[in-house]
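Written below as structure tokens is the structure these notes are about.
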Amino acid sequence: MLTALYIMLGLALVLGVLLGISALLFKVEGDPLVARIDAILPQTQCGQCGYPGCKPYATAIAKGEADINQCPPGGDAGARALADLMGVEYKPLNAEHGTPKPKSVAFIDENTCIGCTLCIQACPVDAILGAAKHMHTIIASECTGCELCLAPCPVDCITMQPIAETPDNWKWKYPVIPIKAMPASGSTAPL
């Protein structure tokens with residue numbers, strides 16, 4: 001009788017240690033729902049949704065503090081994808097936060113730039129290259145088109161230029177309609 005108790009105690013101890021080690025090895029960093037929401041968002045870090053970036057907005061959606069239709073760069077397609085993920089009804093984009101625009105990148109007129117560095121300080125993704133009192137330029141591959149560099153520029157030398165559509169950045173603009181199998185109506189005639 002005592003032997004069985006010791007065996008059970010030993011087994012419980014070994015399983016407890018294994019569970020503790022497993023919890024440390026396979027620990028999930030953060031909320032996986034937040035990561036899935038963040039993956040749908042366009043990663044412009046523009047703040048048009050009322051949050052400082054896409055990750056804080058995703059966290060607010062996951063907590064139920066923000067609505068799914070506050071992201072103008074994501075457009076209606078982003079709102080639909082978020083509605084599908086969250087299992088809520090689709091809502092059209094809230095015009096209070098802005099309207100969807102074509103994907104653009106910033107362009108600095110180098111003849112007008114005075115090198116004030118205000119645009120560098122405003123850029124959330126470090127896509128502007130330059131130094132104080134020297135001309136600045138945009139790293140187009142890094143620019144997300146958030147337009148946060150436009151307002152602080154004292155000489156208005158920054159403009160937004162739409163990105164031309166190429167085979168590399170082309171996306172299907174129309175909703176994909178799922179095909180559903182319809183039950184046969186009893187006829188045996190081939191289609």
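Key figures
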{"item": "The range 140-167, residues that are open to solvent by less than 70 Å² (accessible area, probe 1.4 Å) and acidic (Asp, Glu)", "result": "Glu147"}
{"item": "Total residues in the range 80-137, condition in a loop (DSSP other than H, G, I, E, B), surrounded by fewer than 16 Cβ atoms within 10 Å (Cβ to Cβ) and among the small types (Gly, Ala, Ser)", "result": "4"}
{"item": "Some residue of the range 59-68 being under 28 Å from Gly130 (Cβ atoms), among the hydroxyl-bearing types (Ser, Thr, Tyr), touching a residue at least 24 places away in the same chain (Cβ under 8 Å) and open to solvent by less than 60 Å² (accessible area, probe 1.4 Å)", "result": "no"}
{"item": "The one condition in (1) part of a helix (DSSP H, G or I); (2) open to solvent by 80 Å² or more (accessible area, probe 1.4 Å); (3) under 30 Å from Cys119 (Cα atoms) that Pro52 fails to fulfil", "result": "(1)"}
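The values are calculated or read from the model by the stated rules, or taken from the named source; none is laboratory data. Owing to the predicted nature of the structure, the values given are computational and were not obtained by experimental measurement. As a convention, Cβ positions derive from the backbone with ideal geometry for all residues, glycine included, and neighbour counts pool all protein chains shown. SASA here: full protein model, heavy atoms, side chains in, ligands and nucleic acids out. Shrake-Rupley method; radii C 1.70, N 1.55, O 1.52, S 1.80 Å.
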